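As structure tokens, the structure follows; a few thoughts come after it.
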Amino acid sequence: MHPAATTPPSAMYRIPPPTAGGINEPQECPYCRRTFSCYYSLKRHFQDKHEQSDTLFVCEFCNRRYRTKNSLTTHKSLQHRGSSGMLKRLLKTSAIKNVLGSMQQQHQQQQHQHQHQAHQQLQQQPQ
């Protein structure tokens, strides 16, 4: 079943099931009649061109927004090649620094409390 020519763009389309030939056979998009080599390619096309979604995927490097995860992945592979490894290392390093800083701060607080308690005990002792 194909949508009528008057179908509004906001109508929700559904990804069609694979044709009787199977997922590895050529597939045709029922909405724009474009042909794809396999069901996976049709599914990707459908998600990029016909699927309606309010979700936006944001690039962590430049904050550009994309309607599909696939579009974001393509953008990052073309525009930020090699950056993801650096970002992961940076985030890991930052996370380690945050944990170490937090542990150091906690240790300093414990030392301060211990010194304060020891000082109070000394003051409370009879002379």
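The values are calculated or read from the model by the stated rules, or taken from the named source; none is laboratory data. Only a predicted model underlies this, so the values are computations on that prediction, with no experimental measurement involved. Note: accessible area is taken over every heavy atom of the protein model, side chains too, but ligands, DNA and RNA are not part of it. Shrake-Rupley method; radii C 1.70, N 1.55, O 1.52, S 1.80 Å.
Sorted by accessible area with a 1.4 angstrom probe, largest first, how do Tyr40, Tyr13 fall?
My answer, sorted largest first, is Tyr40, Tyr13.
Compare His119, His114 by solvent-accessible area with a 1.4 Å probe and give them largest first, with all protein chains kept in place.
Output order, biggest surface exposure first: His114, His119.
Tell me which residues come under 5 Å, amide H to amide H, from Phe36 once H is placed; ignore anything under 5 positions away on its chain.
Those lying under 5 Å, H to H, from Phe36 are Gln27, Glu28, Cys29.
At a Cα cut-off below 15 Å, give the aspartates and glutamates reachable from Lys76, other chains included and same-chain residues fewer than 8 away excluded.
Answer for Lys76, where 15 Å is the Cα cut-off: Glu60, listed by chain and number.
Enter the accessible area of Lys76 (Å², nearest 10), with the probe set to 1.4 Å and all protein chains included.
Near enough 60 Å² of accessible area.
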